[in-house]
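Taking it in order: structure first as structure tokens, then the write-up.
The values are calculated or read from the model by the stated rules, or taken from the named source; none is laboratory data. Note that the structure is a prediction, hence the values are computed from the model and not measured. Here Cβ is always computed from backbone atoms with ideal geometry, including for glycine, and neighbour counts include all displayed protein chains.
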Amino acid sequence: MKRIESLDYLRGLMALAVMIYHYVSWSTGPVGSEHLLGKLGIYAVSMFYILSGLSLGLVYYGKINTATDVGSFLIKRVFRIFPLFWLVLTTSICLSYLSSVMGGKAFEPDLFKIFLNYSLLFGFVDPAAYFTVGAWSIGNEMVFYAILPVVFLLSRRSAFILPVAIAASIAAGIYFAAYSLNAGVPLVEQWSTYINPFNQLFLFMGGVALGVYGHPLKGKRISSITMLSASFLVFCFYPVVGDTIVIVTGAERVILSFSCMAFVAGLYFLNPTFSAAPAKVLGFFGSACYSIYLMHPVVAKVVVALSEKLGLGAVVGYTASVFVTLGVSWVVFNYLEKPMMNAGKKVASIFERKGRVAILT
């Protein structure tokens, strides 16, 4: 099906938001939940989950009918996720080794943790055992990719399977917001609980629900604009103050998550177009969003260290890191991600053909 470019643009903008949030908080100190950037530091990743679920729901619902279809789906996901993740992981390990050597310390890596990261199994085993900044969300995605084809496959037997799965994911999210997380304790002290994939699954499944059930509202301009405007205002101006724990617990979790869902839905239903120049810039951000998201902490580690060594300071280093990250992401997307995605499609196609032949014989 034809790509919905406005959704790609939003992915790119959310990747930029995460990068800016990290660079600001690392250079000037924590950003509270009362600031828009503080909200985006948490909910930009939530938007990724919603967008991922929406995209996969649109493409794969009704098309995963056999074990071969499941295999093809997983092959494409592996070729999309693993190559860049391995590059960033390997670079991070090398930088840790160099830092240890230069600091006169022994380099003693946790080999099991490294195995969990190279295999991308940490999301299933220990969501907090990620090695690189931001990688926790990729571990969550791998769990979602394991769940989705099973749900779609079972949906062939009963139309109630998908609604039940969506409802169960919402119930899990409410449980975490109301009971598992303590609104009186800083989020950093409960991080391992927050990043549990079952605390995030409702966002992904909400996106799937939009893709599967949202068609009747697509193209209704007034309703879409109203949804976009209202959700944007709620997200920006809903009054919260303090540590980011306050925006992932209680009613705030429900309100802000719903506003993110409504914003994505409004954008999907409206699908606005842009003139050539903005579309080209936004298109680059959208294409390179995965690289921007994973590469920016690694780039900053090198650039900021160099900036401080030259006496320019951390702020200059983080500012320069924005531009270096964008340049590196362009190279990585064009020379690693894009070729690997094309290779994944070819391998999946061969797998599908062999699967059909095996069924016929």
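Among the residues that make up region 220-232, is at least one of them closer than 30 Å to residue 124 by Cβ, part of a helix (DSSP H, G or I), modelled with pLDDT under 95 and of a type outside the set (Asp, Glu)?
no
Would you tally the residues in region 228-251 being surrounded by 14 or more Cβ atoms within 10 Å (Cβ to Cβ) and of a type in the set (A, V, I, L, M, F, W, C)?
10
For residue 50, work out the one condition from (1) in a loop (DSSP other than H, G, I, E, B); (2) touching a residue at least 40 places away in the same chain (Cβ under 8 Å); (3) within 23 Å of residue 196 (Cα to Cα) it doesn't fulfil.
Checking residue 50 against (1) in a loop (DSSP other than H, G, I, E, B); (2) touching a residue at least 40 places away in the same chain (Cβ under 8 Å); (3) within 23 Å of residue 196 (Cα to Cα), the one that fails is (1).
Looking at region 177-200, which of the residues that are surrounded by fewer than 20 Cβ atoms within 10 Å (Cβ to Cβ) and of a type in the set (Phe, Trp, Tyr) is farthest from the chain's Cα centre (by Cα)?
179
With the condition being at pLDDT below 95, surrounded by 15 or more Cβ atoms within 10 Å (Cβ to Cβ) and among the acidic types (Asp, Glu), I'd like the helices (runs of 4 or more DSSP H) fully within region 254-361 carrying at least 2 qualifying residues.
none
Please go through region 9-47 and give me each residue that is among the charged types (D, E, K, R) and either crowded, with 19+ Cβ neighbours inside 10 Å or free of Cβ contacts under 8 Å to residues at least 60 places away in the same chain (or both), ordered by number.
Just the residues of region 9-47 that are among the charged types (D, E, K, R), to begin with: 11, 34, 39.
Across region 9-47, the qualifying residues are 11, 39.
Check 141, 108, 189 and return the single one that is farther than 28 Å from residue 70 by Cβ and either at pLDDT 95 or above or aromatic (Phe, Trp, Tyr) (or both).
Values: 141 fails: farther than 28 Å from residue 70 by Cβ; 108 fails: either at pLDDT 95 or above or aromatic (Phe, Trp, Tyr) (or both).
Among 141, 108, 189, only 189 is farther than 28 Å from residue 70 by Cβ and either at pLDDT 95 or above or aromatic (Phe, Trp, Tyr) (or both).
Which helices (runs of 4 or more DSSP H) does region 110-177 wholly contain that include 1 or more residues that are farther than 19 Å from residue 195 by Cβ and not hydroxyl-bearing (Ser, Thr, Tyr)?
111-118, 135-155, 161-175
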